[in-house]
Each structure stands twice: as C-alpha cells, then as structure tokens.
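Participant: One structure, pasted below without further comment.
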Amino acid sequence: MAATVENNPLVIDVPAELFAPAESSSFEGTYDMGEFDFGPDHYKTVGTMQWNAFVSNVGGALLVTGSITGVVATECSRCLDEVEYDVNGELEAYLIIPGESEAPEDMDEDEFDYLPESNQLDFEPILRAAVLVDLPYVPSCAEDCKGLCPQCGANLNDGPCGCKPVEDDVVRTGSGKPSQFAALKNFKFE
C-alpha cells in the first residue's frame, strides 16, 4: 500500500511502479462525508462508507475505477420523515500524467484531470462525486408517499387528518391532475 500524506488516508503518494505502462495497484479504505447538501436536500452519512479502487497506468495516464458503498440519510421530499438510502457508487477518474501525455482528443475537459506535480492522488473528490451521482434526484420514503396535508401539515401516510378537501376549481385532466391550460379557464376575449 502506498504511503498516505500528512496522515490523510484519502491522499496517497503514487507508488513509483504505477508510472510504468500497464502497471496497476489496489487501494481501499473508509470515507465519512459527515453532513452535506446536495441540491436543496441535506444529507448525513450513517456510519462510514467502504471504498476500493483499482489504479492502472494506461499509457500516459492513470485510470481509477472502483466502488464505494454505505448509507446516507435525508428527509423525504413529500412527508419530511427521515429516509435512508444505500449508496453503491462507481468510481471513475482519468488522470493525465504531466509530461507523459496530452489531453485526449476524444474526451471533454470535464472527463479527465491532471495528476498534480507532487504525484499525490487525492481520492476524496473521486469518492464524493461517486456518492453524489448515486443519490436520488428527489428523495422519497416510498413511491406512493402521500406527503403532508396542505392545510394542517399532518403526515397523510399515518392516515387521514380530518381536514375537508379544498375544492380548487381547477380544470383537471382525465387522470385528475391539473391541466396545463387551467390558467386559461377564466380568460375573457374582448
């Protein structure tokens, strides 16, 4: 295993043998993102995440592949109950070794990075990206979550709240959803 830098287990000095074409090495560890925001949602890690990475020299660049697994918690976007998600992220990074290779013409600028001159590989941004990509766009506790009553705020998953339904006088489609043309209902032509 490569030496970590300044007691940071996520930053390693790249072993000299990895600078030879077709060489590879494996790394593993734990990662705790703590609390973090992603879009409008606030998440926290539940325990630590386990990761493993396979770093290989692909001729002028290091290819990092692997996985990260763990659990994160956030609020359901409908009922605000806490919900946990299993994270099963895939690691992927392409790091050009300075002076050995040019930027690939078939890759966009956001698809690769450069290995720093210090030859230190920081796994933290790679791990973080893999976790964020694996999170749901809209977190919910269940596909059929009923959410909160718009009048009293009761969690409708626990049962009816007793509030009378509000007749919103909105033109609805056959599925019961508001029509996109509902705003034109009262429009008067002169």
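Participant: In region 1-49, which residue that is of a type in the set (Gly, Ala, Ser), farther than 20 Å from THR69 by Cβ and not in a strand (DSSP E or B) is modelled with the lowest pLDDT?
Facilitator: So, considering only residues that are of a type in the set (Gly, Ala, Ser), farther than 20 Å from THR69 by Cβ and not in a strand (DSSP E or B), the one modelled with the lowest pLDDT is ALA3.
Participant: Another one. Would you be able to say whether some residue in region 63-83 is surrounded by fewer than 14 Cβ atoms within 10 Å (Cβ to Cβ) and among the charged types (D, E, K, R)?
Facilitator: Yes, the conditions are met somewhere in region 63-83.
Participant: Check region 177-184 and report whether any residue there is over 36 Å from the mean Cα position of the chain (by Cα), at pLDDT below 70 and in a loop (DSSP other than H, G, I, E, B).
Facilitator: Taking every residue of region 177-184 in turn, none turns out to be over 36 Å from the mean Cα position of the chain (by Cα), at pLDDT below 70 and in a loop (DSSP other than H, G, I, E, B).
Participant: Of the residues that sit in region 28-76 and are of a type in the set (D, E, K, R) and farther than 27 Å from PHE112 by Cα, which one is farthest from the chain's Cα centre (by Cα)?
Facilitator: GLU75
Participant: Name the residue, out of VAL83, VAL138, VAL55, that is aliphatic (A, V, I, L, M), free of Cβ contacts under 8 Å to residues at least 60 places away in the same chain and touching a Ser or Thr at 6+ places or on another chain (Cβ under 7 Å). Talk me through it step by step, then tell me what you get.
Facilitator: Numbers: VAL138 fails: free of Cβ contacts under 8 Å to residues at least 60 places away in the same chain; VAL55 fails: free of Cβ contacts under 8 Å to residues at least 60 places away in the same chain.
On inspection, the qualifying residue turns out to be VAL83.
Participant: Let me ask something additional. Taking region 86-101, which residues are touching a strand residue (DSSP E or B) at 6+ places or on another chain (Cβ under 9 Å) and without any contact (Cβ under 8 Å) to a residue 24 or more places away in the chain?
Facilitator: Passing the criteria: ASP86, PRO98.
Participant: If you don't mind, another one. Just checking, which of GLU143, GLU167, GLU190 is more than 33 Å from the chain's Cα centre (by Cα), at pLDDT 70 or above and among the charged types (D, E, K, R)?
Facilitator: Unique residue meeting the criteria: GLU190.
Participant: Suppose the filter is more than 30 Å from ILE97 (Cβ to Cβ), of a type in the set (Phe, Trp, Tyr) and surrounded by 19 or more Cβ atoms within 10 Å (Cβ to Cβ); does TYR31 pass it?
Facilitator: Details: more than 30 Å from ILE97 (Cβ to Cβ): no; of a type in the set (Phe, Trp, Tyr): yes; surrounded by 19 or more Cβ atoms within 10 Å (Cβ to Cβ): yes.
No.
Participant: Now a separate question. Residues in region 114-123: is at least one within 30 Å of PRO9 (Cα to Cα), surrounded by 11 or more Cβ atoms within 10 Å (Cβ to Cβ) and at pLDDT below 85?
Facilitator: Yes, some residue in region 114-123 is within 30 Å of PRO9 (Cα to Cα), surrounded by 11 or more Cβ atoms within 10 Å (Cβ to Cβ) and at pLDDT below 85.
Participant: Give region 113-138 a look and list any residue that's in a loop (DSSP other than H, G, I, E, B) and under 18 Å from THR69 (Cβ atoms), or say none.
Facilitator: PHE123, LEU135, PRO136
The values are calculated or read from the model by the stated rules, or taken from the named source; none is laboratory data. Predicted model, so just to flag it, every value in this text is computed and none were measured. Every residue, glycine among them, receives a Cβ derived from its backbone with ideal geometry; neighbour counts consider all protein chains shown.
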